[in-house]
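Note sheet for the following structure.
The values are calculated or read from the model by the stated rules, or taken from the named source; none is laboratory data. None of the values given here were measured: they were computed from a predicted structure. So basically every Cβ, Gly included, is an ideal-geometry build from the backbone, and we count neighbours across all protein chains shown. All accessible areas refer to the heavy atoms of the entire protein, side chains included, with ligands and DNA or RNA removed. Shrake-Rupley method; radii C 1.70, N 1.55, O 1.52, S 1.80 Å.
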Amino acid sequence: MFRKQECVAMLLAGGQGSRLGVLTKGLAKPAVPYGGKYRIIDFPLSNCVNSGIETVGVLTQYQPLVLNEYIGNGQPWDLDSMHGGVRVLPPYQRSKGGDWYKGTANAIYQNTAYIERYDPDYVVVLSGDHIYKMDYSKMLAYHKDNNADCTIAVLEVPMEEASRFGILNTNPDNSIYEFDEKPAVPKSNKASMGIYIFNWKKLKKYLEEDEADPNSSNDFGKNILPAMLNAGERMFAYPFEGYWKDVGTIDSLWEANMDLLDPNVELDLSDTSWRIYGRNQGMPPHYIASTANVQNSIITEGCNIYGTIDFSVIFSGVTVAQNAIVRDSIVMPGSVIEEGAIVQYAIISENVTVKSGAVIGKRPEDMDNIDDWGVAVVGDGVTVSSNAVVAPKEMIDKDI
Amino acid sequence: MRGNDVVGLIFANMHDEQIHELTGIRTMASVPFGGRYRFIDFSLSSMVNSGITKVGVITKSNYQSLMDHLGSGKAWDLSRKRDGLIILPPFGQGNALYHDRVEALKGIFDFLYHCNENHVLMADCDIIANIDYSPIIRKHVEENNDVTIAYKYDKLPKKRKDNMVLSLDSTGKITNIDIDPPIEGSCNFGLNIYVVKKQYLIRIIENAITRSRMSFLRDCIQANLNSGKFMAYPIDTYVGVIQSLESYFKITMDLLNQEVREQLFPIGRPVYTKVRDDMPAVYGLNSHVTNSLIADGCIIDGEVENSVLFRGVKVGKGAKVSNSIIIQGSDIGDNCNLNYVITDKNVVIKEARTLMGYDTYPVFISKNSVV
């Protein structure tokens, strides 16, 4: 028995996130740790629950083990409910063969049956690679007020950066008349945030037509949205104000973590009216020793800090030994920084051991040639041996 | 059979009077401890980690905060279709409020009759320890004991009521029990943790009640020592016994010792608690923290030393918090100076206040107070 839901969310979580390199070697991008105790997917999932959307399909494909485990029965987000809740939806075999998800649109198309069970009026399509807090119910109200067929959330970006985004050109009433994917000369600064609301019946029709077209790449941005616009459907841009960050690259992931340390950045995770939920590791509060020196940082449960930490984000169960220095860096769960090691401008992935005296990354001001500078990355489970050096921009996934 | 043939029983209100400052508005079980826990989390998690899948929590009074904390038992994996967490409020005809363990157990006879398990593990909430009960249970069953009592060899906790001191022979059999003996120095004292054959427990309780003998320790344990098989089991890991605000303070400060933390929070045997989903602790530009335990959700702009800060505590700019326990949600204003202070939940200390206690007499600020 399935209760009708006004709105069902479909979360695209199958992407590899290849630009994150070694960080997504063993897990899908939405499962990448963020902000001390979260994973990226906590943001769209928490937004859904806080917005009153309690039926969420998560479309997985690339390296789903960690993501599946993490979502589990959805209990940390209150999505373990009798009606709806969270459901992980991998591609599957049918009587006449089966396919991987060929594109974002095809992923939704293949799960038409899942959506139809809830007989929804609207479908929200989300992606699992952005950090933001957003009330989807306000966007849905906007969608209904405009009697729209499709509403796309947009963020006004600085004009000089607009050519990096998918840009929507709109009329004064915010109705969309043109899509401009990464335009060389942008006409507007309204960037698509990858958040769509559709009338389900309309979307279903376009998905079916798209599937019948053998030349289509079955993608929302490339196929579905242009087809709807060409057919004259009512499409609106929903202006969003607030913090939003795509964490698709090493630099942007590093920046998005550092943004949590900047009091001027709008992303407030301490707001109890819009909590971001995540799976808890059951660790005790963290310990800061007499030898420690901690400033401008965020640190979570299970850590033992004996060294120096400045401008860093420290995840659960991390140990930083005496005389070790961690600056401007991100240290993910379970990693150990041993005595005298120096970690600067780096992302240390999960369960890494940095042996004593090792040096990872460098400050930009210490570089001879600033073009060689970048964030250093150490992949999951790697041991960096004593006195080894990991250069800026370097990415390692094997012991050195 | 699921589980390990043992049903757990936790007495939520025993020892309330020992630490009345913190139990005036709650049960002993729900006294906040260690930055993010409540006392009951230790007994409950120890049981769950030892393979016990059914736990009854016996309550008496002021158990609102306890119910809120436990919920359905999900945080301890005790929200189950079969077994799980069962709250046992006072029950019986006439004046249903029990006075001693004997009456409390009599009140839950129905529950005990309906349990399929053949053994009962009883624990209170005044013991801070992460105990693996499985070797105790195994020994109890293998040796066919009637009663197995867990004990600690250490200095006798001073202000504790009904201290039970055990004399043992070389096999661990209890040969004598002294109650509140005038002992200085170390001895084997009982932790009020018992593994008992269920039928034996019901029999000794019924016997005591028919003779209007109402002390569990004296009339059920001490009196039967020679008629049943009573064995003892030593606990080698850290045990903190809470018997006063002073010992609450001392045991909390023990958490700043890494060895104690490793014994209380070993990897693979976590202490579970209700999760609050706070963001990680934030350290500001001028924060200076040394030798302290800090929970998630704290925002620290001042100085903190030798202290334990619970979830969601704020320490303002220029404030100095030393040797203190700041319980959940308290707000320490700018330029305050606190030394040897315990604040209960949601206390507000306004700007530039100075509060000083002493290590044997910490200042206590009650819940929701504004200083």
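Condition first: modelled with pLDDT under 95 and closer than 16 Å to B:F265 by Cβ. Can you find one or more residues in the range B:61-70 that meet it?
Looking for residues that are modelled with pLDDT under 95 and closer than 16 Å to B:F265 by Cβ, one finds none in the range B:61-70, hence no.
Could you say whether any residue in the range B:256-276 is hydroxyl-bearing (S, T, Y) and modelled with pLDDT of 95 or more?
Residues of the range B:256-276 that are hydroxyl-bearing (S, T, Y), as a first pass: B:272-273.
Those left that are additionally modelled with pLDDT of 95 or more: B:272-273.
The answer is yes, given that some residue of the range B:256-276 is hydroxyl-bearing (S, T, Y) and modelled with pLDDT of 95 or more.
Can you name every residue in the range A:228-266 that is aliphatic (A, V, I, L, M) and either within 28 Å of A:V375 (Cβ to Cβ) or open to solvent by 40 Å² or more (accessible area, probe 1.4 Å) (or both)?
A:A231, A:V247, A:I250, A:L253, A:A256, A:M258, A:L260, A:L261, A:V265, listed by residue number.
Residues of the range B:107-132 being open to solvent by 30 Å² or more (accessible area, probe 1.4 Å) and either closer than 28 Å to B:V239 by Cα or among the polar types (S, T, N, Q) (or both), which ones?
Hits for the range B:107-132 are B:N116, B:N118, B:D132.
Can you name the strands (runs of 3 or more DSSP E) wholly within the range A:1-98 that have at least 2 residues being free of Cβ contacts under 8 Å to residues at least 60 places away in the same chain?
On the way: elements: A:7-12, A:55-59, A:85-89.
Correct list: A:55-59, A:85-89.
For the range A:212-303, which fully contained strands (runs of 3 or more DSSP E) count at least 2 residues that are more than 17 Å from the chain's Cα centre (by Cα), farther than 23 Å from A:N189 by Cα and within 14 Å of another protein chain (Cβ to nearest Cβ)? It would help to see each step written out before you state the result.
Numbers: elements: A:235-240, A:244-246, A:286-288, A:293-295, A:297-299.
Output list reads A:286-288, A:293-295, A:297-299.
Which one of the conditions (1) of a type outside the set (S, T, N, Q); (2) open to solvent by 20 Å² or more (accessible area, probe 1.4 Å); (3) out of contact with any Lys or Arg (no Cβ under 6 Å at 6 or more places or on another chain); (4) away from every other protein chain (no Cβ under 14 Å) does B:D334 fail to meet, given that it meets all the rest?
The failed condition is (3).
Test each condition in (1) of a type in the set (V, I, T); (2) within 14 Å of another protein chain (Cβ to nearest Cβ); (3) farther than 27 Å from A:L155 by Cβ for A:I131 and report the one that comes out false.
So A:I131 meets the others, but not (3).
(1) in contact with a Lys or Arg (Cβ under 8 Å, 6 or more places away or on another chain); (2) surrounded by fewer than 23 Cβ atoms within 10 Å (Cβ to Cβ); (3) not in a loop (DSSP other than H, G, I, E, B): which one isn't true of B:K345, the others all being true?
Of (1) in contact with a Lys or Arg (Cβ under 8 Å, 6 or more places away or on another chain); (2) surrounded by fewer than 23 Cβ atoms within 10 Å (Cβ to Cβ); (3) not in a loop (DSSP other than H, G, I, E, B), only one is false for B:K345: (3).
Mind listing whichever residues of the range B:17-27 are within 21 Å of B:N368 (Cα to Cα), assigned to a helix (DSSP H, G or I) and open to solvent by less than 30 Å² (accessible area, probe 1.4 Å)?
Those that are within 21 Å of B:N368 (Cα to Cα), assigned to a helix (DSSP H, G or I) and open to solvent by less than 30 Å² (accessible area, probe 1.4 Å): B:I19, B:L22, B:T23.
Keeping to the range B:289-303, report how many residues are at the interface with chain A (Cβ under 8 Å from one of its Cβ atoms) and without any contact (Cβ under 8 Å) to a residue 60 or more places away in the chain. First the steps, then the outcome.
First, the residues of the range B:289-303 that are at the interface with chain A (Cβ under 8 Å from one of its Cβ atoms): B:289-297, B:299.
Still in the running and without any contact (Cβ under 8 Å) to a residue 60 or more places away in the chain: B:289-292, B:297, B:299.
So the count comes out to 6.
For residues that are in contact with a strand residue (DSSP E or B) (Cβ under 6 Å, 6 or more places away or on another chain) and within 27 Å of B:W76 (Cα to Cα), scanning just the range B:272-288, find the one that is farthest from the other protein chains (Cβ to nearest Cβ). So that I can check it myself, show each step before the final result.
Within the range B:272-288, the subset in contact with a strand residue (DSSP E or B) (Cβ under 6 Å, 6 or more places away or on another chain) is B:273, B:280-283, B:287-288.
If we keep only those that are within 27 Å of B:W76 (Cα to Cα) too, we end up with B:273, B:280-281.
Numbers: B:T273: 8, B:P280: 4, B:A281: 5 Å.
Step by step, filter the range B:272-288, then rank; the result is B:T273.
Going by the structure shown, is A:D135 open to solvent by less than 50 Å² (accessible area, probe 1.4 Å) and over 24 Å from the mean Cα position of the chain (by Cα)?
no
Looking at B:S322, B:S307, which is the one that is over 27 Å from A:Y277 (Cα atoms) and more than 23 Å from the chain's Cα centre (by Cα)? Walk me through how you get there before you give the answer.
Values: B:S307 fails: more than 23 Å from the chain's Cα centre (by Cα).
Within the list B:S322, B:S307, the selection yields B:S322.
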